[in-house]
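The values are calculated or read from the model by the stated rules, or taken from the named source; none is laboratory data. Here the structure is a predicted model, which is why all the values come from computation and not from measurement. Here the Cβ positions follow ideal geometry from the backbone for every residue, glycine too, while neighbour counts run over all protein chains shown.
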Amino acid sequence: MKKHILVIPGDGIGPEVTAWGKAVLEQVGKTFGHEFTFDEALMGHVAIEATGDPLPDETLEKARKSDAILFGAVGHAKYDNDPSAKVRPEQGLLKIRKELGLYANLRPIMLFDELLQASSIKPEILQGTDILFFRELTGDVYFGEKTRSEDRQTASDLMIYHRYEVERIAHKAYQAAQQRSKRLCSVDKANVLESSRLWRETVQEIAKQYPDVQTEHMFIDNAAMQLIKNPKQFDVVLTANLFGDILTDEASQIAGSMGMLASASVGESTGFYEPIHGSAHDIAGQNKANPLASILSVALILEIGFGLIEESKAVVALVDRALKEGYRTGDIADSNSDKNKILGTAEMGKLVLGYLESKQ
Ligand code: NAD
Ligand code: IPM
Ligand code: MN
């Protein structure tokens, strides 16, 4: 298979982890006989520094021409501490999602048995959890009108949904539920928000087209609690942009760490694959970041982007092997175990890559 991949490393730990995702994808090409070509582009703080624009036109053009995009993260402490900054790294990420029509963000909560102890949740509560989040990605309060009064004392962000936006992601989530355990939980705040009432009404309509799927509606506040109380009750979770952002960071504790969660953003064109974590200023440049979320993002490129199921499973198996052999980055280390072998970002990357190279 011939595919062209655009790599956008971004800021902070983005380049540190993406280097290993890219290396693994390159090696998958060699091992399995595919012709993968790569290009690289700027986004975020690095792009602002180089061009003044968090998403330069050149990056968008390259993105449109590629078959898949492997992204790291954007963000810089400079902007986090300066709310008045007009140009911000995150604008690049939001713009590329919108421009490419990436309305469905799939965030699988893949739980490796070896990491049961890495979570702050009790292992017996976690074991067997397998959740697939469908987070709507191009609507909601993220893209509604923003205002600030002239005296700067009042601000607003419009939380807005159109029926078609809910319909198209609901179809994707229901289709996935049909392939899984045929259970779907739609999360909203329909007891308070009008946009959530539209959401619920629309999901109820779409549900009629999937009678084999059991639908549940849950309020976001309850869902946040249920996720920790009994995560196994969830299978496919369908939710809006902001709720999905927050719930999936929470859900990363089920998988043990933010450094373990990959995601796929799909919709109208080229898919965009990235860890769910950010640029993590607190550990950037210290060889501490867990590269496994980027490597698992590559597994999603192979599965969802290219339909290469065997190759995708092989990548997940590499991660599983590293964990089974006791290798850990600091974020997933078990402080009660003396069997953990703690590695830095580069060492973990090399280890996983080495497993794959030796398969050739
Ligand atoms: P963050 O996800 O960057 O970090 C949260 C915590 O998780 C930190 O303690 C960090 O050290 C840890 N962490 C994250 N990824 C890790 C990894 N791979 N290995 C080990 N530990 C990891 O969230 P934040 O601190 O709220 O935000 C930092 C910056 O990142 C902000 O500027 C924010 O806007 C940006 N951000 C970007 C994205 C993205 O590009 N998709 C996502 C979230 C946040
Ligand atoms: C994510 C991030 C982004 C979001 C930010 C950086 C714009 O938190 O990808 O989860 O809120 O969508
Ligand atoms: Mn987020």
Handout entry: Scope the range 258-285; condition more than 10 Å from ligand 1 (Cβ to nearest atom) and either without any contact (Cβ under 8 Å) to a residue 60 or more places away in the chain or surrounded by fewer than 21 Cβ atoms within 10 Å (Cβ to Cβ) (or both); matching residues
Key = 267, 268, 269, 285
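Conditions (1) under 19 Å from residue 41 (Cβ atoms); (2) of a type in the set (A, V, I, L, M, F, W, C), marked per residue:
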site: 274; (1), (2): yes, no
site: 279; (1), (2): yes, no
site: 293; (1), (2): no, yes
site: 298; (1), (2): yes, yes
site: 306; (1), (2): no, yes
site: 316; (1), (2): no, yes
Practice task
Look through the range 91-106, keep the residues that are buried (at least 20 other Cβ atoms within 10 Å of the Cβ) and assigned to a helix (DSSP H, G or I), and return whichever of them is nearest to ligand 1 (Cβ to nearest atom).
Solution key: 93
Practice task
Give just the number: which of (1) within 16 Å of ligand 1 (Cβ to nearest atom); (2) in contact (Cβ under 8 Å) with a residue 60 or more places away in the chain; (3) farther than 19 Å from residue 203 by Cα does residue 231 not satisfy?
Solution key: (1)
Practice task
Starting from the range 74-94, take each residue that is among the hydroxyl-bearing types (Ser, Thr, Tyr) and list its partners that are within 13 Å of ligand 3 (Cβ to nearest atom) and at pLDDT 95 or above, counting only C-beta distances under 9 angstrom and pairs at least six apart or across chains.
Solution key: 79/90
Practice task
Could you tell me whether any residue of the range 164-177 is surrounded by fewer than 22 Cβ atoms within 10 Å (Cβ to Cβ) and in a loop (DSSP other than H, G, I, E, B)?
Solution key: no
Practice task
Could you please give the count of residues in the range 257-281 that are within 11 Å of ligand 3 (Cβ to nearest atom) and of a type in the set (Ser, Thr, Tyr)?
Solution key: 1
Practice task
Sort through 11, 67, 53, 39 and tell me the only one that's assigned by TED's automatic domain parsing to the domain that holds residue 287, among the charged types (D, E, K, R) and under 16 Å from residue 289 (Cα atoms).
Solution key: 11
Practice task
Mind counting the residues in the range 307-360 that are basic (Lys, Arg) and either farther than 17 Å from residue 112 by Cβ or surrounded by 17 or more Cβ atoms within 10 Å (Cβ to Cβ) (or both)?
Solution key: 3
Practice task
Mind listing whichever residues of the range 116-142 are more than 16 Å from ligand 1 (Cβ to nearest atom), closer than 30 Å to residue 208 by Cα and part of a loop (DSSP other than H, G, I, E, B)?
Solution key: 128, 129, 130, 139
Problem - Residue check, residue 236 in contact (Cβ under 8 Å) with a residue 12 or more places away in the chain, within 27 Å of residue 129 (Cβ to Cβ) and more than 16 Å from ligand 3 (Cβ to nearest atom) - result: yes
Practice task
Scan the range 49-60 and give yes if some residue there is within 16 Å of ligand 2 (Cβ to nearest atom), under 22 Å from the mean Cα position of the chain (by Cα), among the aliphatic types (A, V, I, L, M) and part of a strand (DSSP E or B), otherwise no.
Solution key: no
Practice task
Look at residue 143 and say whether it is in contact (Cβ under 8 Å) with a residue 12 or more places away in the chain, surrounded by 14 or more Cβ atoms within 10 Å (Cβ to Cβ) and closer than 18 Å to residue 236 by Cα.
Solution key: no
Practice task
Identify all residues within the range 66-90 that are in a helix (DSSP H, G or I) and in contact with a strand residue (DSSP E or B) (Cβ under 9 Å, 6 or more places away or on another chain); write none if there are none.
Solution key: 89
